[in-house]
Each structure stands twice: as C-alpha cells, then as structure tokens.
Amino acid sequence: MNADELIFKILEGKEKRALRQRELLETYKNTLISFTLNIPGIYKLSDKYKLVFNEGINLIEKTLKNENIKVIYSEKIERESGYEFFCLVDSPAKEIKKHMINIEYVSLLGRLFDIDVFDKNGELLSRANFNIGKRKCLVCEKDAVVCSRERAHSIEEVIRAIDILIDKFVEENTNV
C-alpha cells in the first residue's frame, strides 16, 4: 500500500472510529472509554505498538477491576489507522476520566496513550475539565500541541523518541 492509500485508510479509520463511538453510546447509554495510541505518521501498526496498546488495555482493565467498576461491553479493533479499544462502563464519566488520566501519568508508556472518555450523552471530557496541563512533547518537553502544530520536530525524531520509550519499558519489564 502506498503512502496516499495509507493516508486515506487512516482518515477512513478515524471516521469509522467516530461512528463506532456514536453507535456504542446510542446502544448502551453509558460512559465510554475509547483508547488509541498517539503515534505520528502513516504507519500505525507494528509489534512494538501492539505491545504498548495491550499494556494500555491491561492498565485500563486492572484499574476498572480495582475500583469495582462494572464493564458492560468492550471490544478491540485493528485497522490501518491504528489499534482501538472501546469499553463501556457503569460509572460516572468524571470518575472514569480521573482514573484514565492517572493511568496516563503513572505508566512509563502513558504519554503514548490516548484515552478519551465520553459521558452517556456523548460529551467528551477533556483534561481541561480537571485543570490538568497539556501533554508534553516527547522530544523537547514543551506543549505537544504547539510542537505538532508548528512541526517543530520531524516524524523521524518523534518516532525515535517513541522507540526509546518503548525500549526502556521493555527493558524494565523483562516479562513482557
């Protein structure tokens, strides 16, 4: 598949994800956790990224279990646009978002996690709702949104920083 085809598949995948989110919210009318990875560029699938994705799911499921939060439904999807995990829970969205933000901060890989939480009406809860600062750039520690918008770093630089982070995680967790 060439680069143009991959870009089309990524855009199509994002549309399918948004549609699936709406379907799940309409069907279950509960808090929705939507988990993907923050991976730049057109190549979203690899063994390394799958390891990160599975670690994220493990942390989400472990947190929900530890907090006695009932999982109503969950599913995993793999598309050219990346790995996706949807989980509907019987708990207030604000409580869930706090737990998901904690995962992003506690895990070494948390900076690669994109864990969105929607309330039962489909409203997305953001970090700003909790007075939490914006994500930091993986390369320079400045505001990630600013670096991304200004294209402060090449995709290769960001991918290299991601690879270093994943390698460090694997090294520290030899049972992975």
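Taken together, the values in this text are just the output of simple stated rules run on the coordinates, not laboratory data. This one's a predicted model, so the numbers in the text were calculated from it and none came from an experiment. All Cβ positions, even for glycine, are placed from backbone atoms using ideal geometry, and neighbour counts span all protein chains on display.
Structure above, values below:
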item	result
Length gained when the stretch residue 106-residue 75 is fully extended (0.36 nm per residue, less Cα-Cα span)	8.8 nm
The chain, relative contact order [Cα under 8 Å, separation at least 6], %	24 percent
Proximal charge balance of residue 25 [Cβ under 13 Å; K/R count +1, D/E count -1]	0
Where only alpha carbons of the stretch 123-176 are counted, the Rg and the Dmax (Å)	14.3, 39
Gain on full stretching of the segment that runs from residue 45 to residue 155 - 0.36 nm per residue minus C-alpha separation	38.0 nm
Length gained when the stretch residue 94-residue 126 is fully extended (0.36 nm per residue, less Cα-Cα span)	10.5 nm
Coil-residue trypsin sites (Lys or Arg not before Pro) of the stretch 1-97, DSSP, other Cβ within 10 Å capped at 14	29, 70
Partner lysines for residue 65 [C-alpha distance under 16 Å; skip if fewer than 8 residues away on the same chain]	97, 98
In the stretch 1-73, GluC sites (Glu not before Pro) in a DSSP loop with at most 15 other beta-carbon atoms within 10 Å	67
Net charge, residue 123 excluded, C-beta distance under 12 Å - Lys, Arg +1, Asp, Glu -1	+1
All-pairs Cα distance distribution in the stretch 15-147, expressed in whole percent, bin size 5 Å	2, 10, 21, 22, 22, 15, 6, 1, 0
